[in-house]
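Have a look at the structure below, then the notes.
The values are calculated or read from the model by the stated rules, or taken from the named source; none is laboratory data. Note that the structure is predicted; figures quoted are calculated from it, not measured. Reconstructed Cβ throughout: ideal geometry from the backbone, glycine too, with neighbour counts over all protein chains shown. All accessible areas refer to the heavy atoms of the entire protein, side chains included, with ligands and DNA or RNA removed. Shrake-Rupley method; radii C 1.70, N 1.55, O 1.52, S 1.80 Å.
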Amino acid sequence: MDWLTDLFANLQQWLFETAIQPVVYAVGLGGWVEDAFDATGWLLVGLIQIAVLIAVIGPLQRWRPAEPVVDRRAIRIDVIYTLIHRLGLFRLAMFFALDPFFDDALGTVRSAGWGTFHLDQLWPGVTDVPWVTLVIYLVVLDLVEYLIHRGQHRFEWWWALHSLHHSQRQMTMWSDNRNHLLDDVIHDTIIVIVAQLIGVAPGQFIAIVAFMQLSESLQHANLRLSFGAIGERLWISPRFHRLHHSIGIGHESRGPKTLGGHNFGVLLPWWDMLFRTVNFEDRYDPTGIRDQVEPDDRGRVKDYGRGFWSQQWLGLRRLVGQG
């Protein structure tokens with residue numbers, strides 16, 4: 001692992017010195033060099049992820065698609081979402097807009113007596129072994145992700161935003177980042193604060209987020225793939241997560257016009273099994289939301305938007321009860 005860490009560090013240094021640092025000084029932001037270097041790490045991770053999507057997951061989709069591709073425009077919009085998030089544009093906006101908020105929030109929490117609880121110090125000699133520490137933080141943050149996801153499907157106002165993610169009827173490896181930007185702000189704020197409070201180091205945090213994102217890209221892929229009776233209970237597969245996106249199954253618990261659903265896990269199916277939200281049926285249903293395909297009393301179906309900005313605008317309208 002050390003050689004891999006060194007390779008990444010060298011690539012980050014090269015990318016920073018070659019492409020990022022000259023731009024930072026050219027636009028008069030020399031005081032932000034250290035932050036720009038950190039941002040280069042996220043950019044490099046994103047570039048590696050996109051390379052994996054194109055070179056590995058893309059061919060898998062073409063090998064065993066779960067459904068025919070009939071709406072390439074919808075896929076192109078999802079590519080835009082992916083580039084915004086994986087290349088650091090959303091993270092950059094978060095940094096400038098919300099970094100003072102994070103500092104104030106964490107300062108308030110620490111002032112109230114809530115210091116950082118370092119999980120890696122629970123069992124000296126065991127939990128502080130680097131790979132063990134990484135696994136512990138991965139499992140804990142996965143539980144937090146599960147709880148966030150349950151909230152997105154539990155509260156009407158949150159579902160008004162999160163439903164954009166479920167409105168994709170042509171799911172592919174690009175669909176993971178198809179989210180309302182406000183939903184992403186809420187999600188990332190919770191994850192960052194929890195990571196800070198349990199003592200996740202910056203390098204570990206980047207590795208965990210990158211690993212989660214790649215796994216989620218595979219889960220959203222247009223891919224007919226199950227991990228088998230045992231594997232499905234160890235790691236979330238494309239089949240497992242596709243059921244979460246299935247019309248009338250994944251986002252409803254008690255029939256039409258109800259919230260809830262099944263298979264909320266992000267990496268591990270354990271939380272769905274523990275909290276009885278799991279569904280292991282071997283099926284590949286159409287994805288989307290019921291109100292997209294079934295007319296209401298007035299004979300209308302809900303519009304979630306075809307373009308990036310229309311999707312964001314309609315999400316805000318749903319949030320205030322006008323969509």
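Taking the Cα atoms of the range 25-150 alone, what are Rg (to one decimal) and Dmax (as a whole number) in Å?
Rg then Dmax for the range 25-150, in Å: 19.9, 55.
So what's the convex hull volume per residue for the Cα atoms of the range 85-192, in Å³?
On the way: hull volume 15.6 nm³, N = 108.
It is 145 Å³ per residue.
Quick check: pseudo-label points 7 Å beyond the Cα along Cα→Cβ at TYR25 and ALA97, how many nm apart are they?
3.2 nm
What are the extents of the Cα atoms of the range 1-86 along their three principal axes, in Å, largest first?
Computed over the range 1-86, the largest-to-smallest principal extents equal 50, 33, 16 Å.
May I ask you to order 19-29, 37-47 by the average number of other C-beta atoms within 10 Å around their residues, highest value first? Walk me through the numbers on the way to the answer.
Numbers: 19-29: 12.3, 37-47: 19.1.
The densest-packed peptide leads the list: 37-47, 19-29.
For volume of the Cα convex hull per residue in Å³, the listed values are (i) 166; (ii) 156; (iii) 135; which was obtained by calculation from the structure presented?
Checking each listed value against the structure points to (i).
Of LEU218, LEU234, GLN204, whose Cα points farthest to the positive end of the dipole of the range 180-239 (charges on the beta-carbon: +1 Lys, Arg; -1 Asp, Glu; origin at the Cα centre)?
Most positive-ward Cα: LEU234.
Given a 1.4 Å probe and the protein chains all in place, what does the accessible area of PHE96 round to, in Å² to the nearest 10?
My reading of the accessible area for PHE96 is about 110 Å².
Quick check on packing: order 135-142, 218-225 by the mean number of other C-beta atoms within 10 Å, highest mean leading. Mind dumping the intermediate values first?
On the way: 135-142: 18.1, 218-225: 23.2.
Ranking the peptides 135-142, 218-225 by packing returns 218-225, 135-142.
Based on the alpha-carbon gyration tensor of the range 46-93, what equivalent-ellipsoid semi-axes (square roots of 5 times the eigenvalues) come out, in whole Å, largest first? Present the calculation step by step, with values, prior to reporting the outcome.
Details: eigenvalues 106, 43, 6 Å².
Ellipsoid semi-axes (Å, largest first): 23, 15, 6.
Would you please give the FRET efficiency between LEU83 and PHE211, computed as 1/(1 + (r/R0)^6) with r the Cβ-Cβ distance and R0 = 22 Å, to the nearest 0.05? Numbers along the way, then the final one.
Numbers: r = 20 Å, r/R0 = 0.89.
Calculated value: 0.65.
What whole number of Å gives the distance from the Cα centroid of the range 233-308 to the Cα centroid of the range 68-93?
21 Å
Give the residue from LEU83, ILE136, PHE8 lying farthest towards the positive end of the charge dipole for the range 1-138; charges sit on Cβ (+1 for Lys and Arg, -1 for Asp and Glu) and the dipole is referred to the Cα centre.
LEU83
Helix 308-319 versus the longest principal axis of the chain: what angle, 0 to 90°, nearest 10, using Cα atoms?
The angle comes out near 70 degrees.
Grab the DSSP H runs of the chain that are 4 residues or longer, score each as -39,500 (n - 2.57), total them, divide by all residues and round the 222 nm result to the nearest 500 deg cm²/dmol.
On the way: 15 runs with 189 residues, N = 323.
Taking each H run of at least 4 residues, the total per residue is -18500 deg cm²/dmol.
Taking 7 Å along the Cα-to-C-beta vector as the label spot, tell me the GLU34-ASP2 distance in nanometres, rounded to one decimal.
2.7 nm
Tell me the angle of helix 130-154 to the major Cα principal axis of the chain, expressed in degrees between 0 and 90 and rounded to the nearest ten.
40 degrees
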